[in-house]
Amino acid sequence: MSAATQRTDARSISANPSRFSLAGTVKAVFRRILRQGLQCLVLAVLSVASYYLISHYFLQSVKVVGRSMMPTLYDSQYFLLNRWVYGVRSPQRSDIVVLRDPSDNGFSVKRIIAAPGDSIYLRNGGVYLNGCKLDEPYLAPHTPTFTDSKYRAQLIVCGRDQYFLLGDNRQNSMDSRTYGPVPRGNILGPLIR
């Protein structure tokens, strides 16, 4: 190969700027970084949306605060709240649920004792559901349930979409004896134990 041929080849290489152009390379790298940045942004948005949907409509971690559900649940235990199941079925008696407490608008964990249309009669430490003494194996033996009033007996009838809720630790629970039957809209869902 002659020197003239080598010079021609060198000129043809430098004469073709698009092939080895620094601006073209920078542009390609910038596009790649921009594409990866947009992919990360889309992934982050989808992650936040997924978290929001799951925690507000399906499952949510909850911590029991207080002793109102002892001996069934203890202070500082963690459980999952099933937020979607009551979209499929109605709350049932004996479900342990998380509710928005009508007295302070906070969250509480209680047990459903009566459903819409049921009557609850509290007398002499006993709970009567629709006229029959309620069997409560989840309570500590000989646990009385007294009214939260100056009267020894109390009759409560649950209206449409109302539920009567009690804590399992009856001497240390602020529940439907205090604030009455709870509307269905205040019940967020059952605990998964």
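Kindly provide the set of residues from the stretch 157-169 that are of a type outside the set (Phe, Trp, Tyr) and crowded, with 20+ Cβ neighbours inside 10 Å, ordered by number.
Going residue by residue through the stretch 157-169, those that are of a type outside the set (Phe, Trp, Tyr) are 157-162, 165-169.
If the condition is that a residue be of a type outside the set (Phe, Trp, Tyr) and crowded, with 20+ Cβ neighbours inside 10 Å, then CYS158, GLN162, LEU165, LEU166, GLY167, ASP168 are the ones that fit.
Could you tell me which of the residues ASP135, ASP148, ASP118 is modelled with pLDDT of 95 or more, more than 30 Å from SER55 (Cβ to Cβ), out of contact with any His (no Cβ under 8 Å at 6 or more places or on another chain) and acidic (Asp, Glu)?
Result of the check over ASP135, ASP148, ASP118: ASP118.
For every residue, the table says whether it meets (1) over 16 Å from ASP161 (Cα atoms); (2) modelled with pLDDT of 95 or more; (3) hydrophobic (A, V, I, L, M, F, W, C).
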residue: VAL62; (1), (2), (3): yes, no, yes
residue: VAL65; (1), (2), (3): yes, no, yes
residue: PRO71; (1), (2), (3): yes, no, no
residue: TRP84; (1), (2), (3): yes, no, yes
residue: GLY87; (1), (2), (3): no, no, no
residue: PRO91; (1), (2), (3): no, yes, no
residue: ASP95; (1), (2), (3): no, yes, no
residue: ARG100; (1), (2), (3): no, no, no
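If you scan the stretch 181-193, which residues turn out to be open to solvent by less than 20 Å² (accessible area, probe 1.4 Å) and either in contact with a Gly (Cβ under 7 Å, 6 or more places away or on another chain) or not aliphatic (A, V, I, L, M) (or both)?
GLY189, PRO190
Determine which member of the set LEU22, LEU81, LEU38 is under 30 Å from PRO116 (Cβ atoms) and either among the hydrophobic types (A, V, I, L, M, F, W, C) or in contact with a Lys or Arg (Cβ under 9 Å, 6 or more places away or on another chain) (or both). Talk me through it step by step, then tell me what you get.
On the way: LEU22 fails: under 30 Å from PRO116 (Cβ atoms); LEU38 fails: under 30 Å from PRO116 (Cβ atoms).
From the options LEU22, LEU81, LEU38, the qualifying one is LEU81.
TYR57 fails exactly one of the following numbered conditions: (1) touching a Ser or Thr at 6+ places or on another chain (Cβ under 9 Å); (2) closer than 30 Å to ARG160 by Cβ. What is the number of that condition?
Result: TYR57 passes all but (1).
Under 7 Å between Cβ atoms, which residue pairs at least 6 apart in sequence (or on different chains) link something in the stretch 33-54 that is open to solvent by 100 Å² or more (accessible area, probe 1.4 Å) with a partner that is modelled with pLDDT of 95 or more?
Pairs that qualify, where the first residue is open to solvent by 100 Å² or more (accessible area, probe 1.4 Å) and the partner is modelled with pLDDT of 95 or more: there are none.
Filter the stretch 53-67 down to the residues that are under 8 Å from the mean Cα position of the chain (by Cα) and of a type in the set (Gly, Ala, Ser) and list them by number.
Answer for the stretch 53-67, where residues must be under 8 Å from the mean Cα position of the chain (by Cα) and of a type in the set (Gly, Ala, Ser): SER55, SER61.
Hey, which of the strands (runs of 3 or more DSSP E) in the stretch 87-144, taking only ones fully inside, have at least 2 residues that are of a type outside the set (Gly, Ala, Ser), surrounded by 12 or more Cβ atoms within 10 Å (Cβ to Cβ) and touching an Asp or Glu at 6+ places or on another chain (Cβ under 8 Å)?
Values: elements: 96-100, 107-114, 119-123, 126-129.
Strands (runs of 3 or more DSSP E) meeting the threshold: 107-114, 126-129.
With the requirement that a residue be open to solvent by less than 80 Å² (accessible area, probe 1.4 Å), more than 9 Å from VAL109 (Cβ to Cβ) and not in a loop (DSSP other than H, G, I, E, B), what does the stretch 62-80 give you?
Once the filter is applied, which keeps residues that are open to solvent by less than 80 Å² (accessible area, probe 1.4 Å), more than 9 Å from VAL109 (Cβ to Cβ) and not in a loop (DSSP other than H, G, I, E, B), the stretch 62-80 yields only LEU80.
The values are calculated or read from the model by the stated rules, or taken from the named source; none is laboratory data. Not measured: the values here are computed from a predicted model. A quick note on method: Cβ atoms are made from the backbone with ideal geometry, for glycine too, and the neighbour counts reach across all protein chains shown. What goes into the accessible areas is simple: the full protein's heavy atoms, side chains included, and nothing from ligands, DNA or RNA. Shrake-Rupley method; radii C 1.70, N 1.55, O 1.52, S 1.80 Å.
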